[in-house]
């Protein structure tokens, strides 16, 4: 099948939030576009489109990646976690609840990337110090909070989770 640009399209299967999902892509389709446009998972945000802001962060096999820099086809065979897959049903993950409780969400644009980056970090560092949290989120830009409330939320979530992520 050809797209409007004349490029060939094909169906690939991505495992997103624990489910195998088919999506039609061109060879050059970025993961963020497959997630947002192909699968309707709009929690992942497109910020700079250059891998500098972290708004598009998702976890691929547990590792934070900028989905604006990864081709969708490169993610075939991997486990992809988006912000839509962090909560369990209507029950927010302790990290998400900490972001709410600590006022770490203002405009919300950076929040999905911050949460996913922090989730991966806490899995590796269940009892972090403040400076470790600051380093961990340094690739995610926020223009609203000044980061203090985000750092407090991650530290609070670490306590709530007690080493369980």
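Remarks
- Residue-averaged 222 nm ellipticity for the chain, from DSSP H runs of 4+ at -39500 (n - 2.57), nearest 500: -8000 deg cm²/dmol
- Put simply, the convex hull of the Cα atoms in the stretch 9-83 casts, on average, a shadow of 4.2 nm².
- Theoretical gain in end-to-end length, residue 148 to residue 127 [0.36 nm per residue, Cα-Cα removed]: 5.8 nm
- Using the Stokes-Einstein relation with a Kirkwood hydrodynamic radius computed over Cα pairs, the translational diffusion coefficient of the chain at 10 °C and a viscosity of 1.306 mPa s comes to 98 µm²/s.
- You can think of it this way: the chain between residue 10 and residue 76 has 22.5 nm of extra reach, that is 0.36 nm per residue less the Cα-Cα gap.
- Most tightly packed first, judged by the mean number of other beta-carbon atoms within 10 Å of their residues, the peptides 118-130, 146-158, 88-100 read 146-158, 118-130, 88-100.
- Evaluated at q = 0.17, 0.22, 0.26 Å⁻¹: base-10 log I(q)/I(0), Debye formula over Cα of the stretch 94-161: -0.47, -0.82, -1.20
We did not get these values from a lab; they are worked out from the coordinates using the rules stated. If you're wondering where the values come from, they're calculated on a predicted model, not measured in any experiment. Every residue, glycine as well, gets a Cβ built from its backbone with ideal geometry; the counts of neighbours run over all protein chains shown.
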